[in-house]
Amino acid sequence: MCGTEKQRDLAERVHVDLPRITADEMSTTQDTEPPPDPTGGRDVDTEFMLRHM
């Protein structure tokens, strides 16, 4: 089989009835808020060392 026969065979076997999606449609935008700080803004490692030295 040459290249064009392979392409034709593939086109006959595979048929998807879905619309094409452009690159602009692949990403979504949503307003988000940053996650809460798990340490509450404190440096727990430094505080532990200062407390227990």
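The values are calculated or read from the model by the stated rules, or taken from the named source; none is laboratory data. The model shown is predicted, which means the values in this text are computed figures rather than measured ones. Quick note on the areas: whole protein, heavy atoms, side chains included, nothing else; ligands and nucleic acids left out. Shrake-Rupley method; radii C 1.70, N 1.55, O 1.52, S 1.80 Å.
Which count do you get for residues in the range 28-53 that are outside any loop (DSSP other than H, G, I, E, B) and open to solvent by less than 100 Å² (accessible area, probe 1.4 Å)?
3
Would you mention how many residues in the range 7-27 are open to solvent by less than 100 Å² (accessible area, probe 1.4 Å), of a type outside the set (Val, Ile, Thr) and modelled with pLDDT of 75 or more?
4
Would you mention how many residues in the range 6-27 are under 17 Å from the mean Cα position of the chain (by Cα) and outside any loop (DSSP other than H, G, I, E, B)?
4
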